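First comes the structure, then the notes that go with it.
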Amino acid sequence: EALNLLSDKNAKVRKNAAISIGSTFKEHAKTFTFITNTLAKDKITNDKWRNYIDPVQSRNLANNVEGEVVDALSLSVQNHYSKISHRYYELKSKIFQKDKLDFWDRNAPYPDSSNKMIPWEEAKEIVIKSYGEFDQRLKDIVLMFFNKNWIDAELKAGKNPGAFSASTIPSVHPYILTNYHGKTRDVMTLAHELGHGCHQFLSSEQGMLLSNTPLTLAETASVFGEMMTFRNLLNSSSTKDKKFLLSSKIEDMINTVVRQISFFEFEKVIHSERKTGELSSERISEIWMETQSKSLGPSIELSGNYKYYWTYIPHFIHTPFYVYAYAFGDCLVNILVQLFDENYPNFKNLYLDLLKSGGSKHYSNVLKPFNIDLKNNKSWDKGLSLITSLIDDFENSL
(Lines give C-alpha, C1' and ligand atoms only; values in the text may rest on other atoms or scores of the structure.)
Protein backbone atom coordinates (compact mmCIF):
# COMPACT_ATOMS: atom_id res chain seq x y z
CA GLU A 1 0.00 0.00 0.00
CA ALA A 2 2.85 2.38 0.80
CA LEU A 3 4.62 1.64 -2.50
CA ASN A 4 1.34 2.22 -4.33
CA LEU A 5 1.35 5.80 -2.99
CA LEU A 6 4.45 6.49 -5.12
CA SER A 7 2.09 6.74 -8.11
CA ASP A 8 -0.46 8.95 -6.33
CA LYS A 9 -1.65 12.12 -8.09
CA ASN A 10 -0.66 14.28 -5.12
CA ALA A 11 3.06 15.20 -5.12
CA LYS A 12 3.16 15.60 -1.31
CA VAL A 13 1.65 12.15 -0.82
CA ARG A 14 4.32 10.66 -3.12
CA LYS A 15 7.15 12.46 -1.31
CA ASN A 16 5.92 11.56 2.19
CA ALA A 17 5.47 7.94 1.15
CA ALA A 18 8.99 7.79 -0.33
CA ILE A 19 10.56 9.30 2.80
CA SER A 20 8.57 7.01 5.10
CA ILE A 21 9.43 3.91 3.06
CA GLY A 22 13.13 4.84 2.93
CA SER A 23 13.27 5.42 6.70
CA THR A 24 11.70 2.03 7.36
CA PHE A 25 14.07 0.29 4.94
CA LYS A 26 17.03 2.00 6.64
CA GLU A 27 15.89 0.69 10.05
CA HIS A 28 15.93 -2.86 8.71
CA ALA A 29 19.05 -2.55 6.51
CA LYS A 30 21.27 -4.52 8.93
CA THR A 31 18.83 -7.43 8.94
CA PHE A 32 18.61 -7.48 5.15
CA THR A 33 22.39 -7.15 4.85
CA PHE A 34 22.76 -10.23 7.06
CA ILE A 35 20.16 -12.11 4.99
CA THR A 36 21.80 -11.08 1.70
CA ASN A 37 25.28 -12.12 2.83
CA THR A 38 24.05 -15.43 4.25
CA LEU A 39 22.03 -16.43 1.19
CA ALA A 40 24.78 -15.35 -1.23
CA LYS A 41 27.35 -17.40 0.71
CA ASP A 42 25.00 -20.38 0.74
CA LYS A 43 24.60 -20.05 -3.03
CA ILE A 44 28.39 -19.90 -3.51
CA THR A 45 28.70 -23.19 -1.61
CA ASN A 46 25.94 -24.88 -3.63
CA ASP A 47 27.36 -23.59 -6.92
CA LYS A 48 30.80 -24.92 -5.97
CA TRP A 49 29.41 -28.39 -5.17
CA ARG A 50 27.63 -28.49 -8.53
CA ASN A 51 30.53 -27.05 -10.53
CA TYR A 52 28.60 -24.03 -11.80
CA ILE A 53 31.00 -21.61 -13.43
CA ASP A 54 29.12 -18.45 -12.40
CA PRO A 55 26.25 -17.44 -10.06
CA VAL A 56 23.70 -17.11 -12.89
CA GLN A 57 24.22 -20.58 -14.37
CA SER A 58 21.79 -22.41 -12.07
CA ARG A 59 19.01 -19.95 -12.96
CA ASN A 60 19.75 -20.33 -16.68
CA LEU A 61 19.59 -24.10 -16.30
CA ALA A 62 16.20 -23.83 -14.54
CA ASN A 63 14.98 -21.57 -17.35
CA ASN A 64 16.44 -23.90 -20.00
CA VAL A 65 18.30 -21.02 -21.65
CA GLU A 66 21.98 -20.53 -22.52
CA GLY A 67 24.11 -17.99 -20.68
CA GLU A 68 25.16 -16.32 -23.93
CA VAL A 69 21.50 -15.55 -24.71
CA VAL A 70 20.98 -13.89 -21.32
CA ASP A 71 24.25 -11.98 -21.73
CA ALA A 72 23.13 -10.75 -25.17
CA LEU A 73 19.80 -9.59 -23.71
CA SER A 74 21.42 -7.75 -20.81
CA LEU A 75 24.03 -6.07 -23.00
CA SER A 76 21.43 -4.92 -25.55
CA VAL A 77 19.18 -3.46 -22.85
CA GLN A 78 22.11 -1.65 -21.22
CA ASN A 79 23.13 -0.25 -24.61
CA HIS A 80 19.57 1.09 -24.95
CA TYR A 81 19.42 2.82 -21.55
CA SER A 82 20.09 6.22 -23.15
CA LYS A 83 17.57 5.65 -25.97
CA ILE A 84 14.79 4.44 -23.68
CA SER A 85 14.77 5.36 -19.97
CA HIS A 86 17.18 8.33 -20.13
CA ARG A 87 15.29 9.84 -23.05
CA TYR A 88 11.82 9.22 -21.65
CA TYR A 89 12.59 10.64 -18.19
CA GLU A 90 14.16 13.71 -19.78
CA LEU A 91 10.85 14.28 -21.60
CA LYS A 92 8.85 13.67 -18.43
CA SER A 93 10.99 16.04 -16.34
CA LYS A 94 10.40 18.81 -18.91
CA ILE A 95 6.63 18.22 -18.79
CA PHE A 96 6.80 18.48 -14.97
CA GLN A 97 8.92 21.64 -15.47
CA LYS A 98 11.87 20.29 -13.51
CA ASP A 99 15.57 19.89 -14.28
CA LYS A 100 15.39 16.48 -12.61
CA LEU A 101 12.55 14.33 -11.35
CA ASP A 102 12.79 13.18 -7.74
CA PHE A 103 12.72 9.40 -7.62
CA TRP A 104 9.23 9.50 -6.10
CA ASP A 105 7.97 11.28 -9.22
CA ARG A 106 9.27 8.62 -11.61
CA ASN A 107 5.88 6.89 -11.88
CA ALA A 108 3.82 10.00 -11.13
CA PRO A 109 0.63 10.48 -13.18
CA TYR A 110 0.74 13.41 -15.57
CA PRO A 111 -0.97 16.56 -14.22
CA ASP A 112 -3.80 16.58 -16.77
CA SER A 113 -4.17 12.81 -17.17
CA SER A 114 -7.67 11.38 -17.48
CA ASN A 115 -9.46 9.61 -14.63
CA LYS A 116 -11.83 7.86 -17.02
CA MET A 117 -13.33 4.66 -15.60
CA ILE A 118 -14.24 1.73 -17.87
CA PRO A 119 -17.24 -0.42 -16.82
CA TRP A 120 -16.72 -4.18 -16.70
CA GLU A 121 -18.97 -4.92 -19.69
CA GLU A 122 -17.07 -2.39 -21.81
CA ALA A 123 -13.73 -3.86 -20.71
CA LYS A 124 -15.01 -7.31 -21.65
CA GLU A 125 -15.97 -6.11 -25.15
CA ILE A 126 -12.62 -4.35 -25.64
CA VAL A 127 -10.63 -7.48 -24.76
CA ILE A 128 -12.82 -9.83 -26.82
CA LYS A 129 -12.55 -7.50 -29.81
CA SER A 130 -8.76 -7.20 -29.41
CA TYR A 131 -8.22 -10.96 -29.40
CA GLY A 132 -10.76 -11.44 -32.20
CA GLU A 133 -9.08 -8.92 -34.48
CA PHE A 134 -5.90 -10.95 -34.19
CA ASP A 135 -7.36 -14.47 -34.50
CA GLN A 136 -10.83 -15.99 -34.22
CA ARG A 137 -9.48 -19.12 -32.50
CA LEU A 138 -8.11 -17.10 -29.59
CA LYS A 139 -11.34 -15.10 -29.41
CA ASP A 140 -13.30 -18.35 -29.03
CA ILE A 141 -11.12 -19.38 -26.07
CA VAL A 142 -11.46 -15.94 -24.46
CA LEU A 143 -15.25 -16.15 -24.85
CA MET A 144 -15.23 -19.44 -22.92
CA PHE A 145 -13.55 -17.71 -19.97
CA PHE A 146 -16.31 -15.12 -19.86
CA ASN A 147 -19.30 -17.32 -20.74
CA LYS A 148 -18.33 -20.20 -18.42
CA ASN A 149 -17.41 -17.96 -15.49
CA TRP A 150 -13.74 -18.89 -15.40
CA ILE A 151 -12.87 -15.36 -14.23
CA ASP A 152 -13.23 -13.89 -10.72
CA ALA A 153 -12.87 -10.11 -11.13
CA GLU A 154 -15.30 -8.76 -8.54
CA LEU A 155 -13.89 -6.71 -5.65
CA LYS A 156 -14.61 -8.49 -2.35
CA ALA A 157 -13.52 -8.09 1.26
CA GLY A 158 -10.67 -10.44 2.12
CA LYS A 159 -9.90 -11.29 -1.50
CA ASN A 160 -6.24 -11.63 -2.51
CA PRO A 161 -4.80 -8.60 -4.30
CA GLY A 162 -3.14 -8.73 -7.72
CA ALA A 163 -3.99 -10.97 -10.64
CA PHE A 164 -3.02 -14.40 -11.94
CA SER A 165 -4.18 -17.24 -14.16
CA ALA A 166 -4.11 -20.54 -12.29
CA SER A 167 -3.63 -23.76 -14.21
CA THR A 168 -4.12 -26.94 -12.21
CA ILE A 169 -3.98 -30.13 -14.28
CA PRO A 170 -4.37 -30.37 -18.09
CA SER A 171 -7.84 -31.91 -17.86
CA VAL A 172 -9.15 -28.92 -15.87
CA HIS A 173 -9.52 -25.45 -17.41
CA PRO A 174 -7.44 -22.53 -16.07
CA TYR A 175 -9.11 -20.06 -13.71
CA ILE A 176 -8.34 -16.34 -13.62
CA LEU A 177 -8.32 -14.17 -10.51
CA THR A 178 -8.15 -10.42 -10.89
CA ASN A 179 -9.45 -7.33 -9.08
CA TYR A 180 -11.25 -5.05 -11.50
CA HIS A 181 -11.32 -1.39 -10.39
CA GLY A 182 -12.24 0.09 -13.79
CA LYS A 183 -8.95 1.78 -14.67
CA THR A 184 -7.33 1.44 -18.09
CA ARG A 185 -4.56 -0.58 -16.48
CA ASP A 186 -7.17 -3.04 -15.17
CA VAL A 187 -8.34 -3.63 -18.75
CA MET A 188 -4.73 -4.34 -19.73
CA THR A 189 -4.34 -6.70 -16.75
CA LEU A 190 -7.47 -8.58 -17.80
CA ALA A 191 -6.06 -8.96 -21.33
CA HIS A 192 -2.71 -10.07 -19.86
CA GLU A 193 -4.21 -12.80 -17.68
CA LEU A 194 -6.45 -14.01 -20.52
CA GLY A 195 -3.27 -14.42 -22.56
CA HIS A 196 -1.95 -16.75 -19.86
CA GLY A 197 -5.32 -18.51 -19.83
CA CYS A 198 -5.25 -19.07 -23.61
CA HIS A 199 -1.66 -20.31 -23.39
CA GLN A 200 -2.51 -22.77 -20.59
CA PHE A 201 -5.66 -23.94 -22.38
CA LEU A 202 -3.82 -24.58 -25.66
CA SER A 203 -0.76 -26.24 -24.10
CA SER A 204 -2.89 -28.66 -22.04
CA GLU A 205 -2.79 -31.08 -25.00
CA GLN A 206 0.87 -31.75 -24.09
CA GLY A 207 -0.20 -33.56 -20.92
CA MET A 208 0.84 -33.32 -17.28
CA LEU A 209 4.62 -33.36 -17.75
CA LEU A 210 5.03 -31.08 -20.77
CA SER A 211 2.16 -28.59 -20.59
CA ASN A 212 3.94 -26.12 -18.29
CA THR A 213 5.89 -23.48 -20.20
CA PRO A 214 9.44 -22.48 -19.18
CA LEU A 215 9.92 -18.92 -17.92
CA THR A 216 11.55 -17.90 -21.20
CA LEU A 217 8.21 -18.32 -23.02
CA ALA A 218 5.73 -18.11 -20.13
CA GLU A 219 4.91 -14.42 -20.65
CA THR A 220 4.62 -14.62 -24.45
CA ALA A 221 0.84 -14.97 -24.81
CA SER A 222 0.04 -12.63 -21.91
CA VAL A 223 2.20 -9.73 -23.11
CA PHE A 224 1.15 -10.29 -26.74
CA GLY A 225 -2.54 -10.16 -25.78
CA GLU A 226 -1.89 -7.07 -23.69
CA MET A 227 -0.18 -5.40 -26.67
CA MET A 228 -3.11 -6.17 -28.98
CA THR A 229 -5.50 -4.66 -26.41
CA PHE A 230 -3.27 -1.61 -25.92
CA ARG A 231 -3.33 -0.96 -29.67
CA ASN A 232 -7.11 -1.32 -29.73
CA LEU A 233 -7.47 1.22 -26.91
CA LEU A 234 -4.97 3.54 -28.59
CA ASN A 235 -6.81 3.51 -31.93
CA SER A 236 -10.13 4.35 -30.29
CA SER A 237 -8.81 7.10 -27.98
CA SER A 238 -8.88 10.87 -28.28
CA THR A 239 -5.63 12.71 -29.05
CA LYS A 240 -5.27 13.68 -25.37
CA ASP A 241 -5.91 10.16 -24.07
CA LYS A 242 -3.46 8.69 -26.58
CA LYS A 243 -0.65 10.65 -24.97
CA PHE A 244 -1.41 9.16 -21.56
CA LEU A 245 -1.93 5.64 -22.88
CA LEU A 246 1.48 5.84 -24.55
CA SER A 247 3.17 7.17 -21.41
CA SER A 248 1.59 4.43 -19.29
CA LYS A 249 2.74 1.71 -21.71
CA ILE A 250 6.26 3.14 -21.95
CA GLU A 251 6.56 3.30 -18.16
CA ASP A 252 5.34 -0.29 -17.86
CA MET A 253 7.96 -1.36 -20.42
CA ILE A 254 10.73 0.55 -18.64
CA ASN A 255 9.75 -1.14 -15.37
CA THR A 256 9.62 -4.55 -17.06
CA VAL A 257 12.73 -4.31 -19.23
CA VAL A 258 15.15 -1.60 -18.07
CA ARG A 259 14.50 -1.89 -14.34
CA GLN A 260 14.64 -5.70 -14.28
CA ILE A 261 17.95 -5.78 -16.13
CA SER A 262 19.37 -3.19 -13.72
CA PHE A 263 18.21 -5.47 -10.87
CA PHE A 264 19.91 -8.39 -12.63
CA GLU A 265 23.17 -6.45 -12.92
CA PHE A 266 22.92 -5.48 -9.23
CA GLU A 267 22.61 -9.15 -8.24
CA LYS A 268 25.57 -10.13 -10.41
CA VAL A 269 27.85 -7.66 -8.62
CA ILE A 270 26.57 -8.70 -5.16
CA HIS A 271 27.13 -12.42 -5.76
CA SER A 272 30.51 -11.78 -7.38
CA GLU A 273 31.85 -9.59 -4.55
CA ARG A 274 30.49 -11.95 -1.87
CA LYS A 275 33.04 -14.54 -3.00
CA THR A 276 35.82 -12.47 -1.41
CA GLY A 277 34.05 -11.64 1.85
CA GLU A 278 31.02 -10.11 3.53
CA LEU A 279 29.47 -6.95 2.11
CA SER A 280 28.50 -4.06 4.38
CA SER A 281 25.14 -2.30 4.18
CA GLU A 282 26.94 0.69 2.71
CA ARG A 283 28.66 -1.36 0.01
CA ILE A 284 25.41 -3.06 -1.01
CA SER A 285 23.74 0.36 -1.12
CA GLU A 286 26.60 1.74 -3.25
CA ILE A 287 26.16 -1.07 -5.78
CA TRP A 288 22.40 -0.41 -5.80
CA MET A 289 22.85 3.31 -6.44
CA GLU A 290 25.44 2.70 -9.18
CA THR A 291 23.30 0.20 -11.12
CA GLN A 292 20.05 2.16 -10.69
CA SER A 293 21.58 5.53 -11.58
CA LYS A 294 23.10 4.03 -14.71
CA SER A 295 19.74 2.60 -15.80
CA LEU A 296 17.46 5.55 -14.96
CA GLY A 297 19.78 8.29 -16.22
CA PRO A 298 20.60 11.90 -15.35
CA SER A 299 16.98 13.13 -15.26
CA ILE A 300 16.13 11.10 -12.12
CA GLU A 301 17.40 12.31 -8.72
CA LEU A 302 18.18 9.30 -6.52
CA SER A 303 18.52 10.92 -3.11
CA GLY A 304 18.28 10.26 0.62
CA ASN A 305 17.33 6.78 1.70
CA TYR A 306 16.65 5.54 -1.82
CA LYS A 307 19.97 3.76 -1.39
CA TYR A 308 18.15 1.24 0.86
CA TYR A 309 15.39 0.43 -1.63
CA TRP A 310 17.20 -2.78 -2.59
CA THR A 311 15.76 -4.33 0.57
CA TYR A 312 12.20 -4.59 -0.79
CA ILE A 313 12.80 -6.73 -3.91
CA PRO A 314 11.64 -10.22 -2.86
CA HIS A 315 13.24 -11.97 -5.85
CA PHE A 316 16.73 -11.14 -4.51
CA ILE A 317 15.96 -13.35 -1.52
CA HIS A 318 13.65 -16.07 -2.81
CA THR A 319 14.72 -16.56 -6.44
CA PRO A 320 18.14 -15.09 -7.32
CA PHE A 321 18.47 -13.86 -10.94
CA TYR A 322 14.80 -14.54 -11.68
CA VAL A 323 14.31 -10.91 -12.70
CA TYR A 324 15.84 -11.15 -16.19
CA ALA A 325 12.93 -13.39 -17.25
CA TYR A 326 10.61 -10.35 -17.22
CA ALA A 327 12.82 -8.47 -19.68
CA PHE A 328 13.28 -11.65 -21.75
CA GLY A 329 9.51 -12.14 -22.13
CA ASP A 330 8.74 -8.50 -22.92
CA CYS A 331 11.49 -8.12 -25.53
CA LEU A 332 10.63 -11.45 -27.18
CA VAL A 333 7.00 -10.37 -27.59
CA ASN A 334 8.16 -7.05 -29.04
CA ILE A 335 10.06 -9.02 -31.70
CA LEU A 336 6.98 -11.16 -32.46
CA VAL A 337 4.70 -8.09 -32.64
CA GLN A 338 6.99 -6.51 -35.22
CA LEU A 339 7.07 -9.71 -37.28
CA PHE A 340 3.25 -9.68 -37.21
CA ASP A 341 3.27 -6.04 -38.36
CA GLU A 342 5.66 -6.98 -41.17
CA ASN A 343 3.21 -9.68 -42.38
CA TYR A 344 5.59 -12.53 -41.60
CA PRO A 345 4.42 -15.60 -43.59
CA ASN A 346 1.90 -17.83 -41.79
CA PHE A 347 2.45 -15.85 -38.56
CA LYS A 348 -0.87 -16.64 -36.85
CA ASN A 349 -0.59 -20.41 -37.27
CA LEU A 350 3.05 -20.38 -36.18
CA TYR A 351 2.13 -18.30 -33.13
CA LEU A 352 -0.64 -20.70 -32.09
CA ASP A 353 1.76 -23.63 -32.59
CA LEU A 354 4.15 -21.84 -30.22
CA LEU A 355 1.42 -21.62 -27.56
CA LYS A 356 0.33 -25.23 -28.07
CA SER A 357 3.87 -26.54 -27.61
CA GLY A 358 3.93 -25.69 -23.87
CA GLY A 359 7.19 -27.05 -22.47
CA SER A 360 7.58 -29.85 -25.01
CA LYS A 361 10.28 -28.09 -27.07
CA HIS A 362 13.37 -26.02 -26.39
CA TYR A 363 12.63 -22.32 -26.89
CA SER A 364 15.09 -22.16 -29.80
CA ASN A 365 13.14 -24.83 -31.70
CA VAL A 366 9.85 -23.05 -31.00
CA LEU A 367 11.28 -19.77 -32.34
CA LYS A 368 13.07 -21.31 -35.36
CA PRO A 369 10.03 -20.96 -37.69
CA PHE A 370 10.09 -17.21 -36.94
CA ASN A 371 13.80 -17.03 -37.84
CA ILE A 372 14.61 -15.55 -34.40
CA ASP A 373 18.13 -16.12 -33.01
CA LEU A 374 18.29 -14.82 -29.44
CA LYS A 375 22.04 -15.31 -29.23
CA ASN A 376 22.32 -12.43 -31.65
CA ASN A 377 22.19 -8.93 -30.14
CA LYS A 378 20.40 -7.70 -33.27
CA SER A 379 17.34 -9.77 -32.32
CA TRP A 380 17.11 -8.08 -28.93
CA ASP A 381 17.81 -4.70 -30.55
CA LYS A 382 14.78 -5.30 -32.80
CA GLY A 383 12.58 -5.91 -29.74
CA LEU A 384 13.88 -2.82 -27.97
CA SER A 385 13.28 -0.68 -31.06
CA LEU A 386 9.53 -1.10 -30.47
CA ILE A 387 9.90 0.79 -27.16
CA THR A 388 11.89 3.58 -28.80
CA SER A 389 9.20 3.91 -31.49
CA LEU A 390 6.55 4.32 -28.76
CA ILE A 391 8.68 7.09 -27.22
CA ASP A 392 8.80 8.71 -30.68
CA ASP A 393 4.98 8.59 -30.80
CA PHE A 394 4.76 10.01 -27.28
CA GLU A 395 7.14 12.89 -28.08
CA ASN A 396 5.17 13.68 -31.25
CA SER A 397 1.94 13.82 -29.20
CA LEU A 398 3.26 16.54 -26.87
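In this structure, Met208 and His173 have a Cβ-Cβ separation that, at R0 = 25 Å, corresponds to a calculated FRET efficiency of about 0.95.
For the stretch 19-63 versus the stretch 160-204, the spacing of their alpha-carbon centroids is 31 Å. For the peptides 135-147, 188-200, the ranking by packing is 188-200, 135-147, with the highest mean count of neighbouring Cβ atoms within 10 Å listed first. For the pairs Lys124/Lys242; Lys275/Lys378; Lys92/Lys368; Lys26/Lys240; Lys26/Lys375; Lys100/Lys242, flag any whose C-alpha to C-alpha distance is greater than 32 Å. Exceeds cut-off: Lys275/Lys378; Lys92/Lys368; Lys26/Lys240; Lys26/Lys375.
Remark on the stretch 3-77: Rg and Dmax equal 18.9, 52 Å (Cα only). For the stretch 104-163, the Kirkwood hydrodynamic radius comes to 14.4 Å, computed from all pairs of different C-alpha atoms.
For the chain, what % of the accessible area comes from carbon and sulfur atoms, probe 1.4 Å? Accessible surface attributable to carbon and sulfur in the chain totals 51 percent. For Glu301, the residues whose modelled amide H falls within less than 5 Å of its own, excluding neighbours fewer than 5 places apart on the same chain, are Leu101, Asp102, Phe103.
In plain terms, the bigger the Kirkwood radius, the slower the diffusion; for the stretch 330-398, with that radius from Cα pairs, at 10 °C and 1.306 mPa s, Stokes-Einstein puts D at 121 µm²/s.
Treating the stretch 264-398 as a set of equal point scatterers at the Cα positions, no solvent, please give the Debye-formula log₁₀ I(q)/I(0) at q = 0.09, 0.10 Å⁻¹. Scattering profile of the stretch 264-398, log10 relative to I(0): -0.43, -0.52. The mean sequence distance of close C-alpha pairs (under 8 Å, at least 6 residues apart), as a share of the length of the chain, puts its relative contact order at 26 percent.
Between the listed residues Ala108, Thr229, Pro214, the Cα displaced farthest toward the positive end of the dipole of the chain, a dipole computed from Cβ unit charges relative to the Cα centre, is found at Ala108.
Which of the DSSP-defined H helices in the chain satisfy a minimum axial length of 20 Å, computed from C-alpha atoms, and a minimum mean Kyte-Doolittle hydropathy of 0.0? The answer, listed by residue number, is 220-235, 324-341. Diffusion coefficient (Stokes-Einstein, Kirkwood radius over C-alpha pairs, 10 °C, 1.306 mPa s) for the stretch 82-210: 92 µm²/s, rounded to a whole number.
The values are calculated or read from the model by the stated rules, or taken from the named source; none is laboratory data. Keep in mind that this is a model prediction, so the values were computed, not measured. In this analysis, Cβ positions are derived from the backbone assuming ideal geometry, glycine residues included, and neighbour counts consider all displayed protein chains. These area figures cover heavy atoms from the full protein model, side chains too; ligands, DNA and RNA do not enter into them. Shrake-Rupley method; radii C 1.70, N 1.55, O 1.52, S 1.80 Å.
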